[in-house]
Structures are given as structure tokens and as C-alpha cells.
Amino acid sequence: MYRISSNATVQVPLKAIVVSKANMRSRYDPEALDSLTGSMSHFGQIYPVLLRRLKDDKYELFAGSRRLKAAWKAEQPTVTAI
């Protein structure tokens, strides 16, 4: 196994992200999610989500399920990712 060390961020379309059942939260605090959605809409996304590349230009969410859900809720076309 090898590691690619890169801190470069990219914009990934939300429709290209596959959500893994293994790392998704099962519960979200609705008020906290609304607050995060509002913050992301107003200030933008501060911390990127972590993705791993799959086949056919798809990506699997590795970390950042709340940020991804807030981006969906804010109807953003892309999310900042590493």
C-alpha cells in the first residue's frame, strides 16, 4: 500500500460523491445542521471533506458527512475536498 501526500483541495460536484453507509452519521442535530448550512452559505466551506477516488470519476466520502449534508441542503453544486 502506498500513500499520496497532497494537501491540494479540489472542487468536486456533489453528484459525483457516493456516501458510504460505513462512515455516515446516523443522527444529526437539526439545529446544528441548520446552523452549519447557514454558515456555509454565508462564509463558504472552511474545512474540506475527505474523499477517496472510485471508478468512473466517482468519489467515496471518507470524512465530513455533516459538511456534505449541509452542502446538499444549501444546494451547492460542488464541495471542497481533499
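The values are calculated or read from the model by the stated rules, or taken from the named source; none is laboratory data. Since this is a predicted model, take the numbers as computed values, not measurements. Cβ coordinates were reconstructed from backbone atoms using ideal geometry, including for glycine residues, and neighbour counts include every protein chain displayed. Just so you know, the surface numbers come from the protein's heavy atoms only, side chains and all, with ligands and any DNA or RNA stripped out. Shrake-Rupley method; radii C 1.70, N 1.55, O 1.52, S 1.80 Å.
For segment 58-79, the candidate set comprises residues that are open to solvent by 30 Å² or more (accessible area, probe 1.4 Å) and part of a helix (DSSP H, G or I); within that set, the residue that is nearest to residue 16 (Cα to Cα) is 72.
Being open to solvent by 70 Å² or more (accessible area, probe 1.4 Å) and among the polar types (S, T, N, Q): is that true of residue 9 here? I'd like the intermediate steps shown before the answer.
Numbers: open to solvent by 70 Å² or more (accessible area, probe 1.4 Å): yes; among the polar types (S, T, N, Q): yes.
Here the answer is yes, as residue 9 does meet what is asked.
Are there any pairs with C-beta distances below 9 angstrom linking a residue in segment 27-56 that is in contact (Cβ under 8 Å) with a residue 40 or more places away in the chain to a residue that is surrounded by 13 or more Cβ atoms within 10 Å (Cβ to Cβ), with the two at least 6 apart or on different chains, and if so which? Between residues of segment 27-56 that are in contact (Cβ under 8 Å) with a residue 40 or more places away in the chain and residues that are surrounded by 13 or more Cβ atoms within 10 Å (Cβ to Cβ), the close pairs are 28/65; 28/66; 28/69; 33/66; 33/69; 33/70; 33/73. Selection of segment 37-47 for residues being open to solvent by 30 Å² or more (accessible area, probe 1.4 Å) and either of a type outside the set (Phe, Trp, Tyr) or at pLDDT 85 or above (or both) yields 38, 39, 41, 42, 45, 46, 47. The number of residues in segment 1-32 being touching a helix residue (DSSP H, G or I) at 6+ places or on another chain (Cβ under 9 Å) and modelled with pLDDT of 80 or more comes to 4.
What residue, among those in segment 20-36 that are polar (S, T, N, Q) and closer than 26 Å to residue 8 by Cβ, is least open to solvent (accessible area, probe 1.4 Å)?
Per the stated criteria, the residue is 20.
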